[in-house]
Every structure is written in structure tokens, then in C-alpha cells.
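Novice: Below is a structure I'd like to ask you about.
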Amino acid sequence: MNKPGLLMYLITLVAIMPVTATANEATFDSFQQLLTQHLIESTTTEGGLVSAFDYEAALASSQTDDRLAGQREHLADFDTGTLDGKAESVAFWLNAYNFFMIDQILTERPDGELVDSVWDYGGRVNPFVDSVFDREKFLIDGQQYSLNQIEKEILLGENYADKGWKDARVHFAVNCASVGCPPLRNVVYTADNLEDLLAENTRRAFATDRHLEVEGGTLYLTELFKWYEDDFVEASGSRKAFVEQWVDSSVADRVAGASDIKFIDYDWALNKPANFTEFR
């Protein structure tokens, strides 16, 4: 085959080759199916984002058990050493956290009923039982992790900080299955969409009164800014500076003019549609 003919052959071959899913899309295919079928998103009049997971519909689906089991098995066998770079790694651990939180709610149902709050599993209500966040029960690459280890020791831990991978916007991407949490998204995180989604999640969470309000000279913030103050200060110099950096421009002047910070009570009710006024 002459050179022009070979070139045309290669171009044609590339054009007809199927598009390969990115690492996180392939790894979290079963989780993506659950999100596509049962995650509901709503845009508020202010441009904020609210989402709820329809646990009842998921439990009623004949496909859910296989999807959960398949996803668990895939993560148990996944080689985390194959993760390539910051975006792919951060996306992987965000997806893992969010999947295992949903898996926990769907599979551990006291007396066959959904919990009303993640604290029903233990912790605040029953301090003699580990909270759902502290249980080292989620298997990834042959190792048991807790949700707190994934969030605080990996995504927000010293190793990622040393690499320059730590990002305070992770607080607006991990979802604790509660109404007060920043919204769970209907797509899994990938290396390609990570930056856009982190920015969008943070900005649109700030556009809801569960995460930010300004009244006179007082800035009301989600309690995430009380619990994780150090992360926001490390990222931007202060909690207020972080908000000013990521809040929508239409609110930025009001935030800048606030001189006091108070906190919005966190709503720990399960993030099912019935618990959101937006979905009633």
C-alpha cells in the first residue's frame, strides 16, 4: 500500500473505532446506572442545585441488587495503582465515597426499613456504635476503608496536600446522604469533568439557602465551614475568601460586605425526595 493509501486507511480506522470510556466511567458503570435511574436533580429559581435519591424506587427495581453487587465487586478488585494523575485519582475516590454511601443506605435497613438519617446507624444517637462514617467496611483494592478515611485521609489528607492535589471543593462533591449535604450529581466524576463539576457544585450549592444566606452584615454558611474551617482557610486564606472566590457574581458584593459569620443548622434527614420541599 502506498503512503497516501496507508494514511487514508489509518484515518478511516480511527474514525470507525468505538470510543473507549474513561477509567472512571468504566469503573463506575453500575453506579452510573443507579444515578441515571434514581437520582433527581432540580434547579432552583436562584440557579442553585438540589438533588435527591429515590431509595424507594431503587429498592423496588429488580436491577438494583445486581448493580450494587457488581459495583462492590469491581471496587474490591480494582487496582488503585493504575490511577493516573490528580484528576483521575480525585474523581475515583469521590465516586467511591458516594457509591458506598448509597450502597450503605440501600443494604443496611434496620427492620427492613430505610433509616431516617445516617446517624440512625450509630454515632451521635448511639455513641457506643461506630457511625457510618467510621466503619472500616468498604472494600477497595483488597483493603477495607471507612468513609472518613476516604474523605479525610485520602482526598483531604497529607499525601494529597503534599502533591498539590488537595481541594477544599471536595466538601461540595462528597455526599453524606442527607438533605443538608451539597447535591449528589447524576453523573460520575471523571478526569475530564472533574474541574467543571467541582466549580459548578460549589457555586450552585452557594445559591441555595441550605448553604449560604446573607442578611444585613451577617453571612450564614453551611456548618461545613465550621467543621472544616482549616481546609477552607488553607485553600483561600479564610472562610469568607473561599466563598467570595466561588460564589456567583450576583451575590459576591453582598458576601464581601458581610462582617459576621454564623452557621445554618445542618439537616441530617435522609436525602430522599419526600424530605425536600423542592420535590413535594
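Novice: Can GLN104 be described as part of a strand (DSSP E or B) and either modelled with pLDDT of 95 or more or closer than 20 Å to TYR55 by Cβ (or both)?
Specialist: Here the answer is no, as GLN104 does not meet what is asked.
Novice: Looking for whichever is in contact with a strand residue (DSSP E or B) (Cβ under 8 Å, 6 or more places away or on another chain) and either surrounded by fewer than 17 Cβ atoms within 10 Å (Cβ to Cβ) or more than 27 Å from PHE133 (Cβ to Cβ) (or both) here; the options are VAL255, VAL233. Which one fits?
Specialist: VAL255
Novice: Before we move on, is ALA207 over 30 Å from ASP84 (Cα atoms) and either aliphatic (A, V, I, L, M) or under 18 Å from the mean Cα position of the chain (by Cα) (or both)?
Specialist: Spelling it out, ALA207 is indeed over 30 Å from ASP84 (Cα atoms) and either aliphatic (A, V, I, L, M) or under 18 Å from the mean Cα position of the chain (by Cα) (or both).
Novice: For TRP227, work out the one condition from (1) closer than 19 Å to ASN201 by Cβ; (2) over 19 Å from the mean Cα position of the chain (by Cα); (3) free of Cβ contacts under 8 Å to residues at least 40 places away in the same chain; (4) surrounded by fewer than 16 Cβ atoms within 10 Å (Cβ to Cβ) it doesn't fulfil.
Specialist: Against the list (1) closer than 19 Å to ASN201 by Cβ; (2) over 19 Å from the mean Cα position of the chain (by Cα); (3) free of Cβ contacts under 8 Å to residues at least 40 places away in the same chain; (4) surrounded by fewer than 16 Cβ atoms within 10 Å (Cβ to Cβ), TRP227 comes up short only on (2).
Novice: Please go through (1) touching a strand residue (DSSP E or B) at 6+ places or on another chain (Cβ under 7 Å); (2) at pLDDT below 95; (3) not polar (S, T, N, Q) for GLU25 and return the number of the only condition it doesn't satisfy.
Specialist: (1)
Novice: Where the second residue is surrounded by 16 or more Cβ atoms within 10 Å (Cβ to Cβ) and among the acidic types (Asp, Glu) and the first is more than 13 Å from GLY47 (Cβ to Cβ) and lies in the stretch 196-221, which pairs have Cβ atoms under 6 Å and are six or more apart or on separate chains?
Specialist: As it stands, the answer is TYR220/GLU213, since those pairs meet every condition given.
Novice: Give the residues of the stretch 127-176 that are over 21 Å from HIS211 (Cα atoms), part of a loop (DSSP other than H, G, I, E, B) and of a type in the set (S, T, N, Q), sorted by residue number.
Specialist: Matches in the stretch 127-176: SER131, SER146.
Novice: So, in the stretch 143-153, exactly how many residues are surrounded by fewer than 19 Cβ atoms within 10 Å (Cβ to Cβ) and out of contact with any Asp or Glu (no Cβ under 8 Å at 6 or more places or on another chain)?
Specialist: 3
Novice: In the set LEU35, LEU13, LEU6, which member is at pLDDT 95 or above and either touching a His at 6+ places or on another chain (Cβ under 6 Å) or in a helix (DSSP H, G or I) (or both)?
Specialist: When all the criteria are applied, what remains is LEU35.
Novice: Sticking with this structure for a sec: Do you know which of the residues in the stretch 240-263 that are of a type in the set (A, V, I, L, M, F, W, C) and touching a residue at least 60 places away in the same chain (Cβ under 8 Å) is nearest to GLN37 (Cα to Cα)?
Specialist: Going through the qualifying residues, I end up with TRP246.
Novice: Given the condition more than 21 Å from the chain's Cα centre (by Cα), in a loop (DSSP other than H, G, I, E, B) and either of a type in the set (Asp, Glu) or on the phi < 0 side of the Ramachandran plot (or both), answer yes or no: does some residue in the stretch 184-193 qualify?
Specialist: Scanning the stretch 184-193 turns up no residue that is more than 21 Å from the chain's Cα centre (by Cα), in a loop (DSSP other than H, G, I, E, B) and either of a type in the set (Asp, Glu) or on the phi < 0 side of the Ramachandran plot (or both).
The values are calculated or read from the model by the stated rules, or taken from the named source; none is laboratory data. Because the structure is a prediction, the values reported are computed rather than measured. Positions of Cβ are backbone-derived with ideal geometry, glycine not excepted, and every protein chain shown enters the neighbour counts.
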